[in-house]
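The values are calculated or read from the model by the stated rules, or taken from the named source; none is laboratory data. Since we're looking at a predicted model, the values are computed, not measured. Here the Cβ is made from the backbone with ideal geometry for all residues, glycine too, and neighbour counts use every protein chain on show.
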Amino acid sequence: MKRDTKIVVKPLIISVCIVVFLQVLNRVLPTVLDQTLGDIVGFITNFGTILLGGAFFLAFVAANVNGKIPRRVHTIVELVIIFFLVVGIVSMFQPLAIEIYSTGFNVLMFSLLAFIVWSHLVPKMPSEEAEEAEADAAALNS
């Protein structure tokens with residue numbers, strides 16, 4: 001059974017449209033409304049942009065990558081991300097230097113974002129890996 005290699009772009013297009021719409025609202029409405037309402041609209045539109053953009057980004061990545069990552073690679077990358085999560089936490093709680101703290105914050109933030117994305121990706125199933133190995137062996141024998 002051949003896997004469809006077509007890249008799914010529908011979630012990405014939807015995400016871009018929503019982000020553009022929310023950012024247009026963010027620029028236009030605060031100029032029309034008073035200061036307080038303008039701040040509220042700005043916050044809501046920025047929050048919506050981040051939330052919906054992130055959700056559609058995850059959907060886009062998952063639609064294009066799920067089932068394509070070997071299980072071993074998935075596990076190794078997950079362990080590396082967890083390692084950097086621990087490094088970031090330890091760096092933030094150390095009492096020695098503020099530079100280590102700020103670096104630890106960045107490491108923790110990026111590794112947390114990476115873990116959120118990576119945890120939504122599904123590796124190849126063992127049966128799929130076995131089928132690929134059999135197909136490769138058959139191709140080598142013929």
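Worth pointing out:
- Test for Phe43: is it aromatic (Phe, Trp, Tyr) and either over 21 Å from the mean Cα position of the chain (by Cα) or modelled with pLDDT under 80 (or both): yes
- Condition broken by Ile69, with the remaining ones in (1) in contact with a strand residue (DSSP E or B) (Cβ under 8 Å, 6 or more places away or on another chain); (2) free of Cβ contacts under 8 Å to residues at least 12 places away in the same chain satisfied: (2)
- Residues in region 113-142 that are assigned to a helix (DSSP H, G or I) and closer than 14 Å to Leu58 by Cα: Leu113, Ala114, Phe115, Ile116, Val117, Trp118, Ser119.
- Pairs with Cβ under 6 Å, 6+ apart, first in region 17-44 and under 21 Å from Phe57 (Cα atoms), second part of a loop (DSSP other than H, G, I, E, B) and not aliphatic (A, V, I, L, M): none
- Phe56 vs. criteria surrounded by fewer than 12 Cβ atoms within 10 Å (Cβ to Cβ), within 28 Å of Val16 (Cβ to Cβ) and either modelled with pLDDT under 90 or in the same structural domain as Ile13 (by TED's automatic domain parsing) (or both): no
- Boolean, Leu25 is farther than 16 Å from Val122 by Cα and not in a helix (DSSP H, G or I): no
- Some residue of region 72-92 being exposed (fewer than 14 other Cβ atoms within 10 Å of the Cβ) and not in a helix (DSSP H, G or I): no
One line per residue, one yes/no per condition, for (1) in the same structural domain as Pro126 (by TED's automatic domain parsing); (2) farther than 30 Å from Val9 by Cα; (3) not charged (D, E, K, R):
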| position | (1), (2), (3) |
| --- | --- |
| Val28 | no, no, yes |
| Asp34 | no, yes, no |
| Val77 | yes, no, yes |
| Gln94 | yes, yes, yes |
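- Test for Leu12: is it at pLDDT 85 or above, within 16 Å of the chain's Cα centre (by Cα), surrounded by 12 or more Cβ atoms within 10 Å (Cβ to Cβ) and over 30 Å from Ala133 (Cβ atoms): no
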